[in-house]
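To start, the structure itself, in structure tokens.
The values are calculated or read from the model by the stated rules, or taken from the named source; none is laboratory data. Keep in mind it's a predicted model, so treat the numbers as computed, not measured. Note that each Cβ is placed from the backbone with ideal geometry, even for glycine, and that neighbours are counted across all protein chains shown.
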Amino acid sequence: MSIEQTGTVDIVNVDRDSGDLLLTVSDHLPWGEGEGQHLLLLQEKLNAYLRFVESGELVKKFPEASGRNIVINVVSKFALSETAQAFFEKAGSAIRVAGFELRFSLLRPH
């Protein structure tokens, strides 16, 4: 699964250290040419994740999510462009208002 499958949740797990429930988005696409389409895919994916949580489907499928801090964790193969960084700041604010958290991390090469 990846960012291109906008209707699915890629990975669900509990962070052992913090106890947060992480909903991970796997983003393998580069920034630059086609950035508008990339941002649209990311927005659709984030909206799908929010629907998954807010509808109660998350807790129904993963009862261990109940009462935990919910983090949407975007893991990317590529660093954010300036435009993507601005998008993440706005999206992060909106997601915080909804009661959740948005994180971005760069996948480390092996």
Open item on the list: If I go through segment 23-40 residue by residue, how many of them are surrounded by fewer than 15 Cβ atoms within 10 Å (Cβ to Cβ) and either in contact (Cβ under 8 Å) with a residue 40 or more places away in the chain or among the acidic types (Asp, Glu) (or both)?
Closed with: 4
Task: Filtered residue count, segment 89-99, keeping only those that are buried (at least 18 other Cβ atoms within 10 Å of the Cβ) and not small (Gly, Ala, Ser) - done: 1
Task: Residue that is nearest to VAL74 (Cα to Cα), among those in segment 1-22 that are acidic (Asp, Glu) and surrounded by 12 or more Cβ atoms within 10 Å (Cβ to Cβ) - done: ASP10
Open item on the list: Six or more apart or on different chains, Cβ atoms under 6 Å: show the pairs whose first residue is in segment 48-60 and free of Cβ contacts under 8 Å to residues at least 24 places away in the same chain and whose second is of a type outside the set (S, T, N, Q) and part of a helix (DSSP H, G or I).
Closed with: VAL59/ALA65
TODO: Considering every residue within segment 67-83, establish whether at least one is assigned to a helix (DSSP H, G or I) and either surrounded by 13 or more Cβ atoms within 10 Å (Cβ to Cβ) or in contact with a Leu (Cβ under 6 Å, 6 or more places away or on another chain) (or both).
DONE: yes
Task: Which numbered condition GLU44 fails, given (1) modelled with pLDDT of 95 or more; (2) buried (at least 17 other Cβ atoms within 10 Å of the Cβ); (3) closer than 19 Å to PHE78 by Cβ - done: (2)
Task: Selected residue (criterion: nearest to GLY99 (Cα to Cα)) from residues of segment 48-57 that are assigned to a helix (DSSP H, G or I) and over 14 Å from the mean Cα position of the chain (by Cα) - done: GLU54
- [ ] Select from segment 100-110 the residues that are assigned to a strand (DSSP E or B) and buried (at least 17 other Cβ atoms within 10 Å of the Cβ) and list them in ascending order.
- [x] LEU102, PHE104
